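Asks: The structure's right below; bear with me while I get my questions together.
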Amino acid sequence: MPTIKQDATISRKRTTPSGGLLTPRGHIHINATALHGLLGTQHPGGHPGRWILDTPAGTVQLRGSPSHCPHTSSTWTVDASGDEVFPWLHKALLGTTAGFSLNAEHGHRDADRAGYAQAYASYLYLRYRADQQRAKTTPRGTREHRLLEVRLHLHSRLAEAVRNLVLHESWRRASTHERVEWARTPRPLAKPGTPVIDHWQARTRWSFDPEYTPGRGLDGETDLETTLLWNAELQQRASILRGDEPDGARHLLVLEYATTLRQLATATFPLSVNDSTLEPPLDRQPAEADTATAGAR
């Protein structure tokens, strides 16, 4: 079974599915020839319209009816246990995360903007962890090591930025009682075997400062759509002010990030035309974290 690794590359080595109940979550558009080139020609049960692959966010099944013209884009239904798989699918198969939120309009009925934003934050954090590990084994002073340093610092900073926007939205929606309980949450402790993404989410939730506003002119009641657009503009402006080379790795990554956030902010979700008015439950985090445009790669 092909696997999308944490650096968003694809391995065709045999792996064991990570499990979970797979239900239709949305769609992805790509031609069959491109899929064959990326995933190989081995299909479950010999079915030419189906692939099963593993990702850092869980197992995915792609199924559809390939176009009679192999070079024409086909629509593939994505079966997964959650929406967290979409940034990985889009980056690995299409080369960019920019369009992953477009699945939302015809996605699963419980899809919402905050969930998609959290999926992107988790993706960015795991990309940072992958860059960090690879940098340890890459000779210092080489061009590859310099590129890794650029990517890992950006992935870390951008992951924290999006995660903070999601927490800001959770706080905005929370009742007074929920805010009190949140404030009383003990500092999370990482236990052996705890997935790094679970501990990161617990740690950032515990350290979240509700007095912090995510942008000048914004306040504690500013909705997620607005803060996403604001952060996209902020990061792209910072790239220009730094003098990033137009074709450089840093500029391309920031451009992909800004485009992804703008589409997240403007996508239509099935829960509501304006899902920011909903009151979903806060992130489920225990006292101790024991549960749970293409850029350069």
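Asks: Would you list, by chain and number, the lysines whose Cα falls below 19 Å from the Cα of Lys5, excluding same-chain residues fewer than 8 positions away?
Replies: Answer for Lys5, where 19 Å is the Cα cut-off: Lys13, Lys91, Lys136, listed by chain and number.
Asks: How do the peptides 256-264, 91-99 rank, highest first, by the average count of neighbouring beta carbon atoms within 10 Å per residue?
Replies: Values: 256-264: 23.3, 91-99: 20.4.
Going from most to least packed, we get 256-264, 91-99.
Asks: Normalise the Debye intensity by I(0) for the range 180-262, one equal point scatterer per Cα, no solvent, then take log10 at q = 0.13, 0.15, 0.27 Å⁻¹ and round to two decimals.
Replies: Results for the range 180-262 at q = 0.13, 0.15, 0.27 Å⁻¹ read -0.64, -0.79, -1.14.
Asks: Per-residue counts of other Cβ atoms within 10 Å, averaged by peptide: what ranking do you get for 139-150, 162-173, 72-83, highest first?
Replies: Going by the mean number of other Cβ atoms within 10 Å, highest first, we get 162-173, 72-83, 139-150.
Asks: How long are the three semi-axes of the equivalent ellipsoid of the range 62-184, in whole Å, if each is the root of 5 times an eigenvalue of the C-alpha gyration tensor, listed from largest down?
Replies: Details: eigenvalues 168, 154, 19 Å².
Ellipsoid semi-axes (Å, largest first): 29, 28, 10.
Asks: What's the whole-number percent of alpha carbon pairs in the range 116-256 lying beyond 20 angstrom? Working shown, then result.
Replies: On the way: 5468 of 9870 pairs.
Every Cα pair in the range 116-256 considered, those over 20 Å come to 55 percent.
Asks: All other residues with a Cβ under 15 Å from the Cβ of Pro139 taken together, and with Lys, Arg as +1 and Asp, Glu as -1, what is their net charge?
Replies: Details: positive: Arg134, Lys136, Arg140, Arg143, Arg146; negative: Glu144, Glu149.
With Lys, Arg at +1 and Asp, Glu at -1, the neighbours total +3.
Asks: Sticking with this structure for a sec: Taking Rh as the Kirkwood radius computed over C-alpha pairs, what is the Stokes-Einstein D of the range 233-272 at 4 °C in a medium of viscosity 1.567 mPa s, expressed in µm² per second? Intermediate values should be presented prior to the final figure.
Replies: Working: Rh = 11.1 Å.
For these conditions, the coefficient is 117 µm²/s.
Asks: At 0.890 mPa s and 25 °C, plugging the Kirkwood radius over alpha-carbon pairs of the range 140-213 into Stokes-Einstein gives what diffusion coefficient in µm²/s?
Replies: Numbers: Rh = 14.5 Å.
Once the numbers are plugged in, D ends up at 170 µm²/s.
Values in this text are rule-based calculations from the coordinates and carry no lab data. All figures in this text were calculated on a predicted structure; none of them were measured in a lab. Cβ coordinates were reconstructed from backbone atoms using ideal geometry, including for glycine residues, and neighbour counts include every protein chain displayed.
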